[in-house]
Amino acid sequence: MNFVRQVLAGSVIAMAMVPISVALDTSALRTQANNFFKPLPETMPGSENDSAEKVRLGEKLYFETALSINGTQSCNSCHRVDGLKSGVDNEPTSPGALGERGDRNSPSVWNAGFHIAQFWDGRAPDLKEQAKGPILNPIEMGLPDENTAINKLEQAGYAQAFKAVYTTEEAPLTYANVADAIAAFERTLVTEDRFDRFLEGDDKALTLVEQQGLQDFIGSGCIACHNGSLLGANSYQKMGMVNAYPNTHDLGRYAVTQQESERFVFKVPSLRDISRTAPYFHDGKAATLEQAVKDMAWYQLGQKLSDEKVQSITAFLKSLDNIRSIPAVASEEM
């Protein structure tokens with residue numbers, strides 16, 4: 001909370017430094033923006049240890065429906081990355097292999113390896129631990145245990161592929177290695193967008209409307225939580241910090257930590273590629289990006305934004321749309 005107040009105060013100071021009358025001075029706006037945001041790194045932590053063979057195995061597993069109870073569902077079912085998909089299924093909550101829906105919105109897998117932790121409540125520290133969860137979740141992919149997963153992959157002909165990747169292991173087709181390979185593939189999923197080009201000096205990367213939206217994003221205090229290279233995903237915050245959020249059933253991190261201070265606390269979402277990942281919030285209750293911007297200003301900042309400012313900020317957020325598809329190394333045939 002103190003951090004949020006400090007950043008909000010900083011945004012007010014920054015706005016004083018760059019008044020609205022000169023807000024579209026591109027050079028001044030870029031200097032201001034670089035105080036709060038950074039371009040995405042080209043590679044994720046840990047990717048330096050991933051071979052092309054492991055990435056290709058991980059991609060195949062990511063799309064493998066044998067990892068579900070009835071052969072109907074893969075990781076890609078809820079986190080779609082085929083073509084130029086945004087890493088989600090655009091459902092409020094996702095249906096599992098047997099049709100039952102979970103209680104949280106499926107977040108994008110793009111850039112996930114840069115996040116502070118995985119899942120809305122941060123219960124998994126990294127991509128490998130996250131990959132282990134949905135396969136054995138009875139509401140999601142529904143396999144009863146790890147041995148079942150391994151047996152199904154053996155029947156699907158994966159034994160040789162694991163031997164080719166994990167060459168030092170006598171019996172490499174293990175559940176840990178399944179998750180390890182999927183994580184390697186996911187580490188290739190780094191977005192690319194026009195906003196980074198703007199931060200790096202391209203004056204034409206953002207339109208004047210988008211530049212005004214960036215100015216409004218900073219000046220409205222959105223940077224209190226949405227900052228850094230991901231514009232979020234680097235902290236946890238209470239949902240309903242100023243005005244209470246209606247959903248009081250999902251207790252957020254409290255269910256993980258049992259700390260009263262973390263009741264209704266969730267990981268702050270990244271805003272990279274945000275316009276293509278509707279609906280929004282942990283419960284998928286905001287149907288459009290405009291509604292999400294308006295709601296966040298009210299719940300988190302106590303502000304009622306004008307329609308003009310909502311449209312302005314939304315225009316800026318669309319400059320974060322990903323223009324990169326799955327990297328070629330992962331798309332080659334095994």
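Each reported figure results from applying straightforward, stated rules to the coordinates on display, with no laboratory input. On a predicted model such as this, the values are computed, not experimentally measured, just so you know. Positions of Cβ are generated from backbone atoms using ideal geometry, with glycine treated the same way; all protein chains shown enter the neighbour counts.
Observations on the model:
- Loop trypsin sites (Lys or Arg not before Pro), region 129-206 (other Cβ atoms within 10 Å of the site Cβ: 12 or fewer; DSSP): 204
- Region 83-206: relative contact order as a whole-number percent, Cα under 8 Å and 6+ apart: 21 percent
- In this structure, the amide hydrogen of residue 94, modeled 1.01 Å from its nitrogen in the peptide plane, lies closer than 5 angstrom to those of 102, 104, 106, counting only residues at least 5 positions away or on a different chain.
- Computed on the Cα trace of region 129-188, the radius of gyration divided by the Kirkwood hydrodynamic radius gives Rg/Rh = 0.97.
- Each Cα pair under 8 Å and six or more residues apart adds its separation to the average, and for region 264-334 the resulting relative contact order is 34 percent.
- Prolate/oblate/rounded call for region 179-291, Cα gyration tensor, a/c under 1.5 rounded: oblate
- Cα-based Rg and Dmax for region 249-334, where Dmax is the largest Cα-Cα distance (Å): 16.9, 53
- In terms of its C-alpha gyration tensor, region 36-160 comes out oblate, because a/c is 1.5 or above while a/b does not outweigh b/c.
- Spherically averaged projected area of region 31-83 from its Cα convex hull (nm²): 6.1 nm²
- Modelled FRET efficiency - R0 35 Å, residue 116 with residue 170, Cβ distances, 0.05 increments: 0.45
- Among the GluC sites (Glu not before Pro) within region 46-106, those in coil by DSSP and having at most 13 neighbouring Cβ atoms inside 10 Å are 100.
- Hits among lysines - C-alpha to C-alpha of residue 204 under 24 Å, sequence gap 8 or more where chains match: 38, 309, 318
- If the Kirkwood radius is taken over C-alpha pairs of region 165-216, then at 37 °C and 0.692 mPa s the Stokes-Einstein diffusion coefficient equals 224 µm²/s.
- Average Cα contact separation per residue, region 54-107, under 8 Å, 6 or more apart, as relative contact order %: 23 percent
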